[in-house]
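Structure, as structure tokens:
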There are 2 protein chains.
Amino acid sequence: MSDQIVPGVDAPCPIGRAAETIGDRWMLLILRHATAGVTRFDDFRQQLGIADNILSNRLGRLVQSGLLVKAAYRDERRTRHEYRLTTAGADLLPVLHALAAWGQQHTRPSGPDQPMRVIHSVCGQDMPIGEFCPHCDRVAARDEIRWLRPWRSGSAEPLAEPVT
Amino acid sequence: MSDQIVPGVDAPCPIGRAAETIGDRWMLLILRHATAGVTRFDDFRQQLGIADNILSNRLGRLVQSGLLVKAAYRDERRTRHEYRLTTAGADLLPVLHALAAWGQQHTRPSGPDQPMRVIHSVCGQDMPIGEFCPHCDRVAARDEIRWLRPWRSGSAEPLAEPVT
């Protein structure tokens, strides 16, 4: 948690300002992937099945809002860019968890339902989707939270840490 | 909380299904207003400053998803319609609270900041934005939660109850 302030939004209501910033299906899906550790344009594109121009637009807006930072890195052949969460982007975790909990309760996949699980690495127990571990009776730190998404993998994965 | 299932979305990930359903700035703003008790087309329009066709479209999609129900009522002159939250719509409260908490921390209005407050009517104490009352050490029921939005009014207002 930090006091990083997102520019360019204005309304007296904090829900309104948040909705102005991330009230978009693709932005939410990109932020979910960034939280799960995706950083590269090609990986976002492939995993989201999103058109190049829409992905560029949404990544640009997320960088402009300061939720992601764009940084150059060099692979074997050339300079590429990656996108990493800032603290303001990482602090959206409770929004993603609230969406997940609601989605789990009020929507169903067409195939067999393999529920997303949130695991507290300290005790190894499942948490209700969110940040509170009832087994430990405390809020779990970000680096203690694992997402188990059985439709992708059988292992519980740590969340991306924000760039500080 | 109920098991009302929203139709027409499909993805293995519950965050994805939720983002498909409500990943839209206007829908989030309409759901906020509905939660605060707005029910009439004209009141949504006036309070949101939204164009008629966009408002119609978004209300229609929210009705189609089963988050709002549309019902006829008769005023002095003619039959009108109102839009009320279903249980699936009301269960989005934690999403709205998570957006509010993030918006309060990471965005600022251009004018003086008059923070939104969430009050537990049972003990009369402020809660951190969300559903948990630390003073009572329990989750507050929906009908015990009041929103105080000082830019609108000095009084703490109850939330709309879902149509059952």
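Since every read-out is calculated from the coordinates, none of them should be taken as a lab result. Only a predicted model underlies this, so the values are computations on that prediction, with no experimental measurement involved. Positions of Cβ are generated from backbone atoms using ideal geometry, with glycine treated the same way; all protein chains shown enter the neighbour counts.
A crude spin-label estimate for the pair A:TYR73 and B:ARG80, with each label 7 Å from Cα along the Cβ direction, gives 5.7 nm. Approximating the spin labels as points 7 Å out from Cα along Cα→Cβ, the A:VAL139-to-B:GLN114 distance works out to 2.7 nm. Put simply, the convex hull of the Cα atoms in region A:93-158 casts, on average, a shadow of 4.5 nm². The string of couplings for region A:145-156 from the Karplus curve (6.51, -1.76, 1.60, θ = phi - 60°) is 9, 10, 9, 10, 10, x, 6, 10, 6, x, 9, 7 Hz, one whole number per residue in order, with x for Gly and Pro.
For A:GLN64 and A:ASP52 in one chain, what is 0.36 nm times their gap in residues minus the Cα-Cα distance, to one decimal in nm?
On the way: separation 12, 0.36 × 12 = 4.32 nm, distance 1.80 nm.
The A:GLN64-A:ASP52 span can extend by a further 2.5 nm.
Across identical copies of the chain, A:ASP143 has label-point separations of 4.6 nm, listed in ascending order, with the point defined 7 angstrom from Cα along Cα→Cβ. Dimensions of the protein assembly as shown from C-alpha coordinates, computed as largest minus smallest value along each principal axis and given longest first, are 74, 47, 45 Å. When only alpha carbons are used to place a centre, region B:119-146 and region A:17-48 end up 32 Å from one another. Cβ-to-Cβ counts within 10 Å put B:THR107, A:THR21 in ascending order as B:THR107, A:THR21, the fewest first. When the helices of the protein assembly as shown are scored as -39500 (n - 2.57) per DSSP H run of n ≥ 4 and the total is divided over every residue, the value at 222 nm lands at -10500 deg cm²/dmol. Annotation: amide H-H contacts under 5 Å for B:THR107 (H modelled 1.01 Å from N, sequence separation of 5 or more, or interchain): A:VAL6.
Quote the FRET efficiency, to the nearest 0.05, computed for A:ILE5 versus A:ARG40 with a Förster distance R0 of 30 Å and r equal to the Cβ-Cβ distance.
Numbers: r = 28 Å, r/R0 = 0.92.
The pair A:ILE5/A:ARG40 has a calculated efficiency of 0.65.
Can you give the convex hull volume per residue for the Cα atoms of chain A, as a whole number of Å³? Display every interim value, and only then the final one.
On the way: hull volume 24.5 nm³, N = 164.
Here the figure is 149 Å³ per residue.
What fraction of the Cα pairs in region B:14-90, stated in percent, has a spacing above 18 angstrom? Tail fraction, whole percent: 36. Each other copy places its own label point for A:GLN125 at 2.4 nm from this one, sorted shortest first, where the point lies 7 Å along the Cα-to-beta carbon line. Converting phi to 3J(HN,Hα) with the Karplus coefficients 6.51, -1.76 and 1.60 and the offset θ = phi - 60°, region B:91-108 yields 5, 7, 3, x, 5, 4, 5, 5, 5, 5, 5, 5, x, 5, 7, 10, 9, 9 Hz in sequence order, with x at every glycine or proline. Of all residues in chain B, the one whose Cβ lies closest to the rotation axis carrying B onto A, together with that distance in whole Å, is B:ALA98, 2. Between this copy and the others, label points of B:THR79 are 6.7 nm apart in ascending order, each placed 7 angstrom from Cα in the Cβ direction.
Roughly how far apart, in whole Å, are the Cα centres of region B:89-108 and region A:61-77? The two parts, judged by their Cα centres, are 27 Å apart.
Couplings 3J(HN,Hα) of region B:111-120, computed from phi: x, x, 7, 10, x, 5, 10, 10, 10, 8 Hz, in residue order, whole Hz [Karplus 6.51 cos²θ - 1.76 cosθ + 1.60, θ = phi - 60°; x for Gly and Pro].
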